[in-house]
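These notes are about the structure you will find just below.
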Amino acid sequence: MHREVTTTVRIKLHSLTQRKVQLVEREYSAFQDAVHGDTNANLYSATKQQAGNVRSNKNPREDTEQPVVLRNDCITIEHDEDTVISSWWFKLPVYNPEKERGDSIWVPVYVPEKDIHLLNSKQIRDSQLVHQDGEWYVHLVCKRSVAVADEYDDVLAVDMGAKWIAVSIFLSDRNTQFHGAEVRRVREHYKQLRKSIGKAKVRQGAQVIERIGDKESRTVEHELHQVVNELVSRARERNAVIVFGDMTGLRFDNDKGRYVNDKTHKMPFAKTANILTYKAHLDERECIPVKEYDTSVTCWRCGSQNTNREVQGRLECDDCGLEDNADKNGASNIAKRAVGKNIQSPLSTVGAVVAQPKTQVVLTGTNGEMEPANSPEDVKLTLREGSSRL
């Protein structure tokens, strides 16, 4: 089984002649005009088409700058050890005002040593020209195929939330870990900081808020990478497939008041899912989104929805008497759904997720009876033979 993995390689333009600097600056400026509605902006034809796509898809604000989108069939990167200025050169499409038509220029670039193996022209997709801190960069998007395993020994389910960015649980024995409390703390810290600055001096405060906004996003992204590394490492220890709750539509389908909405809407669920999928595939491990509806209100043990959460982080089942952490309960149901199990049935009939299960977990029922939690004889379920979701 193969999956497509996308990696962005950040290369830096350097040692540009004055003419090339002018052409790059002119192309970047014209792209901003085109993105904000100037249909007469002179651009390389393919780049002008991309500007129209950015305008229609993102409808960017007038006070924002957008990276120049470079179509993959118009760009090339080549290696040449015989040149003195640089061993790597990038072909950049630009509009040439002297010729009054599209043209291209070769610019010297720095390429990170660790990413050189990715720069196969057949793998490069649409990329971006970025201006940052007075320097020019190209974010090269490289896509390649990675083989992932077909069979696993367990399921690691991930439930994302506002208090904890991720709660992970193994289906076989419900071994649980909580990840990413630091993300919430960072978000709250910068939220309060923006409030205090804004109240003090409006004009100066706006400038400070703009600066700390970038620091906040970089800090949060660093924490997300740490969380995902922990999740992938956990899955590797038990050779587990990773499944996570699909949060698509959460912001539109749920209105729980200003305070809760503020916390929910600012949590980086989509970014976490993207990083998790990417790093899992690099680890040659499958990573699958699972619909999350009803997982937070259904008892993982008996399948009843006659539950209550008088305390936000705690779920109580009025039918079987279960008292459990709400996020842990949700993750358990995500794991059940991932192997094709109806979450409104007891966990005891969930099948093993591997051809040869290494663990046989025994659960204690409400009346003291013992029953297997993952009997392969009941369902005979494997990732290869199971639900089409996998």
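Please treat every number below as a calculation from the coordinates, not as lab data. All values reported here derive from a predicted model rather than from experimental measurement. FYI the Cβ positions are ideal-geometry reconstructions off the backbone, even for glycines, and counts take in every protein chain you see.
For the peptides 151-161, 310-320, what is the packing order when you average, over each peptide's residues, the other Cβ atoms within 10 Å and list the highest mean first? Don't skip to the end; give the middle numbers.
Details: 151-161: 24.7, 310-320: 14.2.
Ranked by mean Cβ neighbours within 10 Å, highest first: 151-161, 310-320.
Expected output is a single nm value to one decimal: the length gained when fully extending between GLU284 and SER45, i.e. 0.36 nm times separation in residues minus the C-alpha distance. What is it?
Contour length minus Cα-Cα distance gives 82.1 nm.
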Practice problem: For segment 286-302, just list the computed ³J(HN,Hα) in residue order, Karplus coefficients 6.51, -1.76 and 1.60, θ = phi - 60°, integers in Hz, with x standing in for Gly and Pro. | Solution: 6, 9, 10, x, 10, 4, 9, 4, 6, 5, 8, 10, 9, 5, 5, 7, 10
Quiz item: Applying 1/(1 + (r/R0)^6) with R0 = 41 Å to the Cβ-Cβ distance of GLU98 and THR7, what FRET efficiency is obtained, to the nearest 0.05?
Solution: 0.65
Self-check item: Inter-label distance, nm, simple model (7 Å from Cα along the C-beta direction), ASP318/ASN120
Solution: 6.0
Exercise. For segment 214-224, just list the computed ³J(HN,Hα) in residue order, Karplus coefficients 6.51, -1.76 and 1.60, θ = phi - 60°, integers in Hz, with x standing in for Gly and Pro.
Key: 5, 5, 4, 5, 5, 5, 5, 5, 4, 5, 5
Quiz item: Between ASN96 and residues 5 or more places away or on another chain, which pairs have amide H atoms under 5 Å apart, with H built 1.01 Å from N, and which residues are they?
Solution: ARG101, GLY102, ASP103
Quiz item: What ³J(HN,Hα) values, in whole Hz, does the Karplus curve 6.51 cos²θ - 1.76 cosθ + 1.60 give for segment 75-80 when θ = phi - 60°, with x put for Gly and Pro?
Solution: 10, 8, 10, 9, 10, 8
Exercise. Taking amide H positions as placed in the peptide plane 1.01 Å from N, state which residues far from ASP246 in sequence (5 or more) or on other chains have amide H under 5 Å from it.
Key: VAL290, LYS291, GLU292
Quiz item: Can you list residues whose amide H is under 5 Å from TRP88's amide H, if they're 5+ apart or on another chain and H is modeled 1.01 Å from N?
Solution: ASP80, VAL109
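For a 22 Å ceiling on Cα separation, which of these pairs sit above it: LYS163/LYS271; LYS91/LYS122; LYS58/LYS99; LYS163/LYS191? Don't skip to the answer; put the middle values down first.
Numbers: LYS163/LYS271 17 Å; LYS91/LYS122 15 Å; LYS58/LYS99 32 Å; LYS163/LYS191 16 Å.
Checking Cα-Cα distances, LYS58/LYS99 exceed 22 Å.
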Quiz prompt | Global form of segment 1-91, assessed from the alpha-carbon gyration tensor, a/c cut-off 1.5 | solution = oblate
Quiz item: Given R₀ = 41 Å, FRET efficiency for LYS195-ASN306 by Cβ-Cβ distance, to 0.05?
Solution: 0.50
